[in-house]
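Each reported figure results from applying straightforward, stated rules to the coordinates on display, with no laboratory input. If you're wondering where the values come from, they're calculated on a predicted model, not measured in any experiment. A quick note on method: Cβ atoms are made from the backbone with ideal geometry, for glycine too, and the neighbour counts reach across all protein chains shown.
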Amino acid sequence: MSKFPEGLYASKPHENAPEFVKAKLSIKRETLLKFLGASNEDWINIDLKESKEGKWYCQIDDYKRPEDETFTPSIEKKLKENFPASISDKDLQEDANDFLF
């Protein structure tokens, strides 16, 4: 998959756009559909970025958390201090991972 979503384009809002308009996105339907059809991912996360030259663009966020990445012992200590003792370590880790990642 391309690092850039083909058929999805971003630009700054029009200068007369209201303050609550943060970006303008344009979709070239056939191109984007072809791009999405080539992916087998359930989710495609996209970051809206600005180049050094000031041009806005979309880029695929393809970060995948490693399977063995877990929370640190200091976080575990804080969680155990703030949650009832009846919560198992496994449940605590799952809840922490859901919250943190």
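Values as computed for the structure displayed
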item	result
Given 12/64; 3/24; 24/64; 28/49; 22/55; 3/28, the pairs whose alpha carbons are separated by over 25 Å	12/64; 24/64
Sum of side-chain charges, residue 8 neighbourhood, beta-carbon under 14 Å (Lys, Arg +1; Asp, Glu -1)	+2
Sites residue 3 and residue 74, calculated FRET efficiency, Cβ-Cβ separation with R0 41 Å, nearest 0.05	0.75
Counted charge near residue 47, where neighbours are those whose Cβ lies closer than 13 Å (Asp, Glu -1; Lys, Arg +1)	-1
Placed amide H near residue 4: partners under 5 Å, 5+ positions off or other chain	60
Reach of residue 80 by Cα under 17 Å, taken over lysines that are not fewer than 8 positions away in the same chain	90
Formal net charge of residues neighbouring residue 35 (Cβ-Cβ distance under 13 Å; K, R +1; D, E -1)	+1
